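Written out below as structure tokens is the structure these notes cover.
The values are calculated or read from the model by the stated rules, or taken from the named source; none is laboratory data. Note that the structure is predicted; figures quoted are calculated from it, not measured. FYI the Cβ positions are ideal-geometry reconstructions off the backbone, even for glycines, and counts take in every protein chain you see.
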């Protein structure tokens, strides 16, 4: 049995976390949470219409270390007691994040 080096383990973990299946599950979570478009104006439905292309592009950018999140859209929500609450709405693409999937992969090691 071959002993894994730390580099092999990191590569293997990275590939597992950013696999097609994990990215699709991350998108399903975004869709379940609903939400409005970010600064790019792309809705969940628009993102889903081109899902394979969008997830492939995201996967490639993450793997090549060129992924850069976009600015968030600022939204003011009125408070019942007066004033406003400021929210930042990230793009759908930036909401496809993987903390839960990362935890599942790490647990399986």
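Here is how the numbers come out for the structure above:
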quantity	calculated
Subset tally (residues that are over 12 Å from residue 93 (Cβ atoms) and either assigned to a helix (DSSP H, G or I) or modelled with pLDDT under 90 (or both)) for the range 36-55	3
Failed item in (1) modelled with pLDDT of 90 or more; (2) over 20 Å from residue 25 (Cβ atoms), with residue 92 passing the rest	(2)
Residues (closer than 23 Å to residue 34 by Cβ, free of Cβ contacts under 8 Å to residues at least 24 places away in the same chain and surrounded by 13 or more Cβ atoms within 10 Å (Cβ to Cβ)) located in the range 58-82	none
Verdict on residue 16 being modelled with pLDDT of 70 or more and either under 17 Å from residue 54 (Cβ atoms) or not in a helix (DSSP H, G or I) (or both)	no
